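What follows is a structure written as structure tokens; I'll ask about it next.
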Amino acid sequence: MAQYRPYPARVQERGYRQTPLILGIESSCDETCAAVVCGRRLLSNAVISSAAEQAKYGGVVPEVASRAHTDAVERVVREALAEAGVRGEQLSAVAVTYGAGLLGALLVGLSFAKAYAYSLGLPLIAVDHIRGHMAAAYLADPALEPPFVTLLASGGHTAVLYTKSYTDFEIMGSTRDDAAGEAFDKAARILGLPYPGGPSVERLAREGEPNIPLPKMFAGGGYDFSYSGLKTAVLNYCHNKEQRGEAYSRADVASSFQHAACSVLAERAVAAAKAKGCRTVAAGGGVIANGYLRELLAKECARAGLRLVLPEKKYCTDNAAMIAAEGLVQYRAKNFAPLTLNACAHIPLGRKGKQ
Ligand code: KG4
Ligand code: ZN
């Protein structure tokens, strides 16, 4: 990448403040988000969602998402600053999701962040969305310090990680095929439930019992996951019942699926913490908003004598508070991005932070 003379001189003059004020911007999928943190204290969290519009199409349409971000990004940043009672010039840095996600959607937030940072002479921080999900735990427990084990379960990733330090983690296990969120979304489609799939399955599951035997997804030993077999088992169960003209309870299917999908997550997270001799399990990602999983995690961690750090549900699904939280980590590591920073549709789990 070409060397870029990044910022006006006043960035260098700012020095590094004791308690940084970071603006986070997130636009990787269908939600335009901005938030301000002061250290680990969350001052504001604004979200403008296009989920209702996307629901008409049964999923996220990239072009619809990009247009919605274009409409919303300036408004959402204004809202976040106003709610925080902070003026742009008071900020220490602008942190923005540069990937992974929908390229057009990412570019809206990223372009805005670059222009905003440049106009105010602020440093820009490139945040990997998934690291944002992991950093949500720092807001949930401002005293949280590595090392700890993180359970990550989102629409694109499912993994158990050993967070060694603020900027370094080891992947202990990850999914070999579908991510947990993807499995929820596919199960929702099989059951004819509306987008977004995860919350729809959770709602229906409350009316059923987990009484249908479905395969556990232990892909061999270690801490890896596999969700494609579970999805196929749900599909086969429903098809077989329908072909035979037998009645079945969709709520029981949802409940059984949810139980199978979540119990492996909780078991693996606890086993990983024990293996590392860690006393704390943190969690992040959209699937962690699932109430059944949260209860299971609380139960399993309590039984194993582990402390559980669970971000509130709204900080598990996509939000900018987590981007600002990871921004703070990168700010303290003095890891700033050049204004030539580009969006990135795919970022492999475990790639080192963008320089
Ligand atoms: O973390 P996230 O918001 O976006 C990604 O970075 O992927 O995760 C979205 C995923 C979707 O697959 C969605 O169905 C799932 O998280 N999800 C849930 C729940 N809320 C969102 N899955 C199960 N139960 C929920 N309540
Ligand atoms: Zn996400």
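The values are calculated or read from the model by the stated rules, or taken from the named source; none is laboratory data. Because the structure is predicted, anything quoted here is derived from the model rather than measured. When we count neighbours, we look across all protein chains shown, and the Cβ atoms used for this are built from the backbone with ideal geometry, even at glycine. Calculation scope for accessible area: heavy atoms of the full protein, side chains included, ligands and nucleic acids excluded. Shrake-Rupley method; radii C 1.70, N 1.55, O 1.52, S 1.80 Å.
For helix 321-332, report the angle its Cα long axis makes with the longest principal axis of the Cα atoms of the chain; keep it between 0 and 90° and round to the nearest 10°.
Orientation of helix 321-332: about 50 degrees from the principal axis.
Right, next: Order the following by accessible area, largest value first: R40, R250, R303, R131. Probe radius 1.4 Å; ligands, DNA and RNA are ignored. Before the final figure, lay out each step's value.
Values: R40 50, R250 95, R303 175, R131 20 Å².
Solvent-accessible surface, decreasing: R303, R250, R40, R131.
Taking the range 275-355, which GluC sites (Glu not before Pro) meet the DSSP loop condition and have no more than 15 other C-beta atoms within 10 Å?
Working: sites: E295, E300, E312, E326; in loops: E312.
Those satisfying the criteria are E312.
Ok, one more. Which aspartates and glutamates does K274 reach when only Cα atoms under 19 Å apart count, and residues fewer than 8 places away in its own chain are ignored?
Straight-line reach from K274, under 19 Å: E145, E170, D224, E300.
Would you pull out the residues with amide H under 5 Å of L43's amide H, same chain only if 5 or more places away, H placed 1.01 Å from N?
V36, V37, C38
Further question: Based on DSSP H runs of at least 4 residues, each adding -39500 (n - 2.57), what is the mean residue ellipticity at 222 nm of the chain after dividing by all its residues, to the nearest 500 deg cm²/dmol? Display every interim value, and only then the final one.
Details: 11 runs with 153 residues, N = 355.
Computed mean residue ellipticity for the chain: -14000 deg cm²/dmol.
Here's another thing I want to ask about it. Show D71, D168, D30 ordered by accessible area, largest first, where the area counts protein heavy atoms only and the probe is 1.4 Å. Walk me through the intermediate numbers first.
Details: D71 115, D168 45, D30 15 Å².
Putting D71, D168, D30 in descending order of accessible area: D71, D168, D30.
How much of L139 can a 1.4 Å solvent probe reach, expressed as accessible area in Å² and rounded to 10?
Using a 1.4 Å probe on the heavy atoms, I get roughly 30 Å².
Rounded to the nearest 0.05, what FRET efficiency is calculated for N211 and A304 with R0 set to 25 Å and r the Cβ-Cβ distance?
Numbers: r = 27 Å, r/R0 = 1.07.
Efficiency, rounded to the nearest 0.05: 0.40.
Could you report the chain's accessible area per residue, 1.4 Å probe, as an integer in Å²? Intermediate values should be presented prior to the final figure.
Details: 15080 Å² over 355 residues.
I get 42 Å² per residue for this part.
To the nearest 10 degrees, how steeply does helix 250-276 sit against the main Cα axis of the chain, on a 0 to 90 scale?
60 degrees
Quick check: pseudo-label points 7 Å beyond the Cα along Cα→Cβ at K313 and Q90, how many nm apart are they?
A separation of 3.2 nm, rounded to one decimal place.
What's the carbon and sulfur percent of the range 38-153's accessible surface, probe 1.4 angstrom, rounded to a whole number? Intermediate values should be presented prior to the final figure.
On the way: 2380 of 4340 Å².
Carbon with sulfur: 55 percent of the solvent-accessible area.
Once you sort the root eigenvalues of the Cα gyration tensor of the range 95-171 as a ≥ b ≥ c, which label holds: rounded (a/c under 1.5), prolate (a/b larger than b/c) or oblate (the other case)?
Details: a/c = 2.83, a/b = 1.60, b/c = 1.76.
Taking the square roots of the gyration eigenvalues as a ≥ b ≥ c, the range 95-171 is oblate.
So what is the orientation-averaged projected area of the chain, using the convex hull of its C-alpha atoms, in nm²?
Numbers: hull surface 71.6 nm².
So the Cα hull casts an average projection of 17.9 nm².
Where both partners of a DSSP beta bridge lie in the chain, what percent of those bridges are antiparallel, to the nearest 5?
On the way: 27 of 45 bridges.
Rounded to the nearest five, the antiparallel share is 60 percent.
Can you work out the FRET efficiency for the pair T19 and A52, with r the C-beta to C-beta distance and R0 = 30 Å, to the nearest 0.05? Mind dumping the intermediate values first?
Details: r = 37 Å, r/R0 = 1.24.
Given R0 = 30 Å and the Cβ-Cβ separation, E is 0.20.
With the cut-off at 20 Å, tell me which of the pairs K186/K299; K186/K241; K114/K334; K231/K276; K216/K313 have Cα atoms farther apart than that.
Details: K186/K299 27 Å; K186/K241 18 Å; K114/K334 17 Å; K231/K276 31 Å; K216/K313 26 Å.
Exceeds cut-off: K186/K299; K231/K276; K216/K313.
With an 8 Å Cα cut-off and a minimum separation of 6 or more residues, compute the relative contact order for the range 146-315 in percent.
On the way: 337 pairs, mean separation 45.4, N = 170.
Result for the range 146-315 is 27 percent.
Give me the log10 of I(q) over I(0) for the range 303-355 at q = 0.13, 0.16, 0.18 Å⁻¹, as the Debye formula computes it from C-alpha points; what are the numbers?
-0.50, -0.72, -0.86
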